[in-house]
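**Student:** Below is one structure. I have some questions about it.
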Amino acid sequence: MVLIYIDKDNQEIKKASYEAISYGAALAKQLGTNAEALLLGTVSDDLTLLGKYGASKVHQINNASLQHFDARMNATVVADAAKKLGATVLVFAHNINGKAIAPAVAVKLGAGIVTGACQLPNTDAGFTVTKTVFSGKAFASIQIETPIKVISINQNSFGVLEGEGTAIVEQLEVEVPASSIKITAVHKIEGEIPLTEATLVVSGGRGLKGPENWGILLDLAKSLGASTACSRPVSDADWRPHHEHVGQTGIQIAPNLYIAIGISGAIQHLAGVNRSKTIVVINKDPEAPFFKAADYGVIGDAFEVLPALTASILKSKHGA
Ligand SMILES: Cc1cc2nc3c(=O)[nH]c(=O)nc-3n(C[C@H](O)[C@H](O)[C@H](O)COP(=O)(O)OP(=O)(O)OC[C@H]3O[C@@H](n4cnc5c(N)ncnc54)[C@H](O)[C@@H]3O)c2cc1C
């Protein structure tokens with residue numbers, strides 16, 4: 001059986017989980033087995049609807065101490081649940097929580113692991129998983145030889161496949177160990193979608209010259225309902241807060257649309273954004289490396305392009 005870990009944020013299933021279930025279901029079909037999902041704690045979403053993505057069953061471990069994410073505790077509980085259910089493949093989203101627990105679960109199960117997979121495994125002879133390496137510049141194919149296998153799947157590399165179906169929801173009894181940490185408070189940034197969950201992101205680089213010029217970027221983001229991000233030098237210079245820094249040393253994101261404004265497209269920046277579905281680059285230098293990674297490019301001065309783009313988005317939204 002293929003067991004897929006459902007990642008949640010407070011009471012909501014994270015979007016990366018739907019892709020992980022779609023991937024797990026396709027893999028289960030390939031292996032001639034079932035895809036079942038595992039939820040630790042509770043969510044407000046209707047769990048039977050996970051059947052639409054291919055989960056035949058959802059196992060729920062309903063314990064109050066699992067409501068907040070604790071990597072050590074979650075890894076222990078997931079590994080124990082996998083043993084109890086007889087899972088042979090475990091699938092995680094390769095997001096912040098998946099990265100934290102998948103390797104620990106693999107150790108507990110004595111399983112081989114591939115993190116950051118980008119395709120379904122080749123199971124014709126053995127079990128070979130392809131992943132991206134060198135910040136997305138190359139692929140590596142890795143054969144897992146252990147009886148139990150763990151895979152974390154890169155966001156936006158497989159897609160969410162929605163069909164028909166209803167999942168059976170069952171409660172699962174697994175002993176929940178005492179936590180070694182105590183979460184006393186969780187402070188969320190109000191009104192903003194976390195960058196890792198955002199579907200639309202507008203991002204600025206040094207080409208915007210200074211923090212006083214960010215208004216035109218914020219106007220564009222607002223017109224689209226997008227979250228905002230920036231390159232590392234921008235957050236290093238305190239033009240923007242550090243939680244907006246994306247890239248190899250910042251947050252890695254996978255939105256449907258990433259608009260990069262005045263960002264050169266250094267490999268370290270691309271490492272954090274190259275899993276975006278569509279990349280739009282606005283840069284005045286036609287030789288900027290970012291254009292090579294772009295789906296759409298605008299060669300132009302951001303100070304002219306942004307106000308015009310925002311005005312035309314608002315016009316198309318509200319009419320004029
Ligand atoms: C170990 C290491 C880790 C790193 N990690 C990261 C990371 O996580 N994230 C990250 O972003 N960087 C990271 N960097 C830095 C990275 O190498 C680049 O230096 C950085 O991404 C460049 O930022 P930038 O594109 O904003 O600035 P620049 O390289 O200065 O580029 C500015 C761009 O703006 C364009 N421009 C200028 N004026 C305008 C205008 N008026 N209109 C439109 N375009 C204009 C220019 O043509 C240029 O392409 C890392 C570097 C190292 C060594």
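The values are calculated or read from the model by the stated rules, or taken from the named source; none is laboratory data. In this text the structure is predicted, and so the values were computed from the model without any measurement. Cβ sites come from the backbone with ideal geometry, for glycine too, and all protein chains shown count toward neighbours. Accessible surface is based on the protein model in full, side chains and every heavy atom, while ligands, DNA and RNA are left aside. Shrake-Rupley method; radii C 1.70, N 1.55, O 1.52, S 1.80 Å.
One line per residue, one yes/no per condition, for (1) surrounded by fewer than 17 Cβ atoms within 10 Å (Cβ to Cβ); (2) of a type outside the set (S, T, N, Q):
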{"site": "Leu31", "(1), (2)": "yes, yes"}
{"site": "Val43", "(1), (2)": "no, yes"}
{"site": "Asn62", "(1), (2)": "yes, no"}
{"site": "Thr76", "(1), (2)": "no, no"}
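Residue by residue, here is whether (1) part of a helix (DSSP H, G or I); (2) touching a helix residue (DSSP H, G or I) at 6+ places or on another chain (Cβ under 9 Å); (3) in contact (Cβ under 8 Å) with a residue 60 or more places away in the chain holds:
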site	(1), (2), (3)
Glu19	yes, yes, yes
Leu38	no, yes, yes
Gln60	no, yes, yes
Ala75	yes, yes, no
Asp80	yes, yes, yes
Val91	no, yes, yes
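**Student:** Right, something else. Please specify each residue of segment 171-203 satisfying the condition of being among the polar types (S, T, N, Q), assigned to a loop (DSSP other than H, G, I, E, B) and open to solvent by 90 Å² or more (accessible area, probe 1.4 Å).
**Tutor:** The one that is among the polar types (S, T, N, Q), assigned to a loop (DSSP other than H, G, I, E, B) and open to solvent by 90 Å² or more (accessible area, probe 1.4 Å): Thr184.
**Student:** Of all residues in segment 247-256, how many are within 6 Å of the ligand (Cβ to nearest atom) and not polar (S, T, N, Q)?
**Tutor:** Residues meeting the conditions: 2.
**Student:** Sort through Pro233, Pro286 and tell me the only one that's within 7 Å of the ligand (Cβ to nearest atom), out of contact with any Leu (no Cβ under 8 Å at 6 or more places or on another chain) and open to solvent by 10 Å² or more (accessible area, probe 1.4 Å).
**Tutor:** Step by step, each of Pro233, Pro286 is checked, and only Pro233 is within 7 Å of the ligand (Cβ to nearest atom), out of contact with any Leu (no Cβ under 8 Å at 6 or more places or on another chain) and open to solvent by 10 Å² or more (accessible area, probe 1.4 Å).
**Student:** Of all residues in segment 257-273, count the ones that are more than 8 Å from the ligand (Cβ to nearest atom) and surrounded by fewer than 21 Cβ atoms within 10 Å (Cβ to Cβ).
**Tutor:** Going through segment 257-273 one residue at a time, the tally reaches 1.
**Student:** Do you know which of the residues in segment 205-218 that are within 11 Å of the ligand (Cβ to nearest atom) and outside any helix (DSSP H, G or I) is nearest to Gly262 (Cα to Cα)?
**Tutor:** Gly205
**Student:** Another one. Please verify whether segment 294-309 includes one or more residues that are modelled with pLDDT under 95 and either within 12 Å of the ligand (Cβ to nearest atom) or not polar (S, T, N, Q) (or both).
**Tutor:** So the first thing to find is which residues in segment 294-309 are modelled with pLDDT under 95, and the list is none.
No; the residues of segment 294-309 include none that is modelled with pLDDT under 95 and either within 12 Å of the ligand (Cβ to nearest atom) or not polar (S, T, N, Q) (or both).
**Student:** Among Tyr5, Tyr23, Tyr18, which is the only one that is at pLDDT 95 or above, within 17 Å of the chain's Cα centre (by Cα) and surrounded by fewer than 24 Cβ atoms within 10 Å (Cβ to Cβ)?
**Tutor:** On inspection, the qualifying residue turns out to be Tyr18.
**Student:** State whether the residues of segment 216-230 include one that is buried (at least 16 other Cβ atoms within 10 Å of the Cβ) and within 24 Å of Thr132 (Cα to Cα).
**Tutor:** Yes, there is a match, as at least one residue in segment 216-230 is buried (at least 16 other Cβ atoms within 10 Å of the Cβ) and within 24 Å of Thr132 (Cα to Cα).
**Student:** Considering only residues of segment 94-135 that are part of a strand (DSSP E or B) and not polar (S, T, N, Q), which is nearest to Ala271 (Cα to Cα)?
**Tutor:** Among residues in segment 94-135 that are part of a strand (DSSP E or B) and not polar (S, T, N, Q), the one nearest to Ala271 (Cα to Cα) is Val133.
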